[in-house]
Amino acid sequence: MNPLEQIRRELESLNYQVMNHPILKAAEEGKLNRNVINSFVINQWYIVNHDLRSLAIGLSRSNTIEELEIFKSLLDGDYNALMELIKLMRELRIEIRDPLTYNISPQAVSYTHYLSWLANYAKPSEFLFAGIVNLPVWGYVVTKFGEYLRKNYGIKELGFFEIFKGPYTELENKIVKLVENIPIERLRTISFTIQYYEKAFWDSIYSQ
């Protein structure tokens, strides 16, 4: 069993809570307040803007061509996501301005702050490992969320939600090879932390 498979087993309970978050049921039933949707968008505006910069740092610290290529791919993906988010903000009439001028939720954006820590202080391969632990879970929830927004709220500019759909198998296989010599204790701590912050994002948005 590779470290990703092992850690995913250990994370089953936490990931289940994220993938079955009550915000999805509320969105599916059309019961979400518009303030919750706007909060999601504003906090993602803050998060993706800063994730991009963290990925750029990760790219700059890459030690191998394999790491460089993966970071470039992720950077391109997040840039495209940001462009799609701008379209959604325009549809919702949310002003596109400096993310720091918005009333963001510290709990919701703790994820991106941890990503910046990984970018600066973890090994590039550990940073990437956190990504493959998180991306399939985030991708599942945000894709479902986007489907329900289309169905029940008449929102049209939903490209942001579709970008993260996956699958991530090829990416996972590449990154697992990069962490072969890293102690699983380090990978476990990184993985549990990033998923804790993922849940914190949805908890905070739903509580709006």
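The values are calculated or read from the model by the stated rules, or taken from the named source; none is laboratory data. Just so it is clear, the structure is predicted and the values come from calculations on it, not from any experiment. Every residue, glycine as well, gets a Cβ built from its backbone with ideal geometry; the counts of neighbours run over all protein chains shown. In case anyone asks, the SASA skips ligands and DNA or RNA and just uses the protein heavy atoms, side chains included. Shrake-Rupley method; radii C 1.70, N 1.55, O 1.52, S 1.80 Å.
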Residues of the chain: accessible area per residue at 1.4 Å, in Å²? 50
Of 69, 84, 28, the most mobile residue in a GNM of the chain (C-alpha springs, cutoff 10 Å) is 69
In terms of the charge dipole of the chain, which places +1 on Lys and Arg and -1 on Asp and Glu at the beta carbon, the residue among 111, 27, 134 farthest towards the positive end is 27
Just grab the label-to-label distance for residue 31 and residue 95, each label 7 Å out from Cα along the Cβ direction, in nm (one decimal). 3.4
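Restricting everything to alpha-carbon atoms, can you work out Rg to Rh for region 60-134 with a Kirkwood hydrodynamic radius? Can you show the working numbers first?
Working: Rg = 14.9 Å, Rh = 14.4 Å.
Result for region 60-134 is an Rg/Rh of 1.04.
So how many Å³ per residue does the convex hull of the Cα atoms of the chain work out to? Walk me through the numbers before you get to the answer.
Working: hull volume 22.6 nm³, N = 208.
Once divided by residue count, the hull of the chain is 109 Å³.
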Show which aspartates and glutamates lie in cross-link reach of residue 199 when reach means a straight Cα distance below 18 angstrom and same-chain residues fewer than eight apart are skipped. 10, 12, 51
Based on the Kirkwood radius over alpha-carbon pairs, what is the Stokes-Einstein translational diffusion coefficient of region 83-192 at 4 °C with 1.567 mPa s viscosity, in µm²/s? 80
A 1.4 Å probe over the protein heavy atoms gives the chain a carbon and sulfur accessible-area percentage of 50
Region 1-31: trypsin sites (Lys or Arg not before Pro) in DSSP loop, at most 12 other beta carbons within 10 Å: 31
Quick one: check the C-alpha center-to-center distance for region 1-70 versus region 81-156, whole angstrom. 7
Across 31/165; 31/87; 87/174; 72/151, pairs whose alpha-carbon gap is larger than 28 Å: 87/174; 72/151
So what is the relative contact order of region 51-186, in percent, for Cα pairs below 8 Å that sit 6 or more residues apart? 31
